[in-house]
1. Let me have the relative contact order for the chain, percent, based on Cα pairs under 8 Å that are six or more residues apart.
2. Quick check: pseudo-label points 7 Å beyond the Cα along Cα→Cβ at LEU49 and HIS87, how many nm apart are they?
3. For the chain, what is the calculated [θ] at 222 nm in deg cm²/dmol (nearest 500), taking -39500 (n - 2.57) for each run of four or more DSSP H residues and dividing by its residue count?
4. Tell me which of VAL69, ALA25, VAL5 sits at the most positive position along the dipole axis of the chain, charges placed on C-beta atoms (Lys, Arg +1; Asp, Glu -1).
5. Identify which of LEU63, LEU12, LEU107 has the largest mean-square fluctuation in a Gaussian network model of the chain, with springs joining Cα atoms closer than 10 Å.
6. Quick one: among THR52, THR43, THR15, which has the greatest mean-square fluctuation in a GNM of the chain with alpha-carbon springs under 10 angstrom?
7. With every protein chain left in place, what is the accessible area per residue of segment 30-118 in square angstrom, probe 1.4 Å?
8. Once the other residues with Cβ under 9 Å from the Cβ of GLU77 are scored (Lys, Arg +1; Asp, Glu -1), what is the net sum?
Amino acid sequence: MKPHVTGLKRILHATGYSFQGLRAAWNNEAAFRQELVLLILMTTLSFFLPVTQVEQLLMVASLFIVVIVELINSAIEAVVDRIGPEHHELSGRAKDIGSAAVFIALLLVVITWGSFLLF
């Protein structure tokens, strides 16, 4: 973005970049596609479950967290891959930590949904 772009024009440019990022994630990341489909299906399911509105909000929010963390993980992987194809301990660590973040976010979904549906 150009530094002199301000106000509504800046917001419109930023929104365009965000949609480019979503499109890139959809086109290049199978995990993002799977998690987005999971978000849509489970959000729809949440409307038919015997939970309060606050519980439903927390359940859906946990799904959004997975998608958000997956986007960040995909960005980390893209940057690491851009640096070079050779294996480096720090590159592997960065990718593993990003993957662990997605795993923890998925655990949050299991705990959140399980706590409201099983207890």
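The values are calculated or read from the model by the stated rules, or taken from the named source; none is laboratory data. Here the structure is a predicted model, which is why all the values come from computation and not from measurement. Ideal geometry is used to build each Cβ from the backbone, glycine not excepted, and the neighbour counts take in all protein chains shown. The accessibility values were calculated without ligands, DNA or RNA, using every heavy atom of the protein model including side chains. Shrake-Rupley method; radii C 1.70, N 1.55, O 1.52, S 1.80 Å.
1. Values: 64 pairs, mean separation 30.5, N = 119.
Relative contact order, the chain: 26 percent.
2. Between LEU49 and HIS87, the simple spin-label model gives 4.0 nm.
3. Taken over the chain, the calculation gives -30000 deg cm²/dmol.
4. VAL5
5. LEU12
6. Largest GNM mean-square fluctuation: THR15.
7. Values: 5810 Å² over 89 residues.
Spelled out: the 1.4 Å probe surface of segment 30-118, per residue, equals 65 Å².
8. Values: positive: LYS95; negative: GLU29, ASP81.
The answer is -1.
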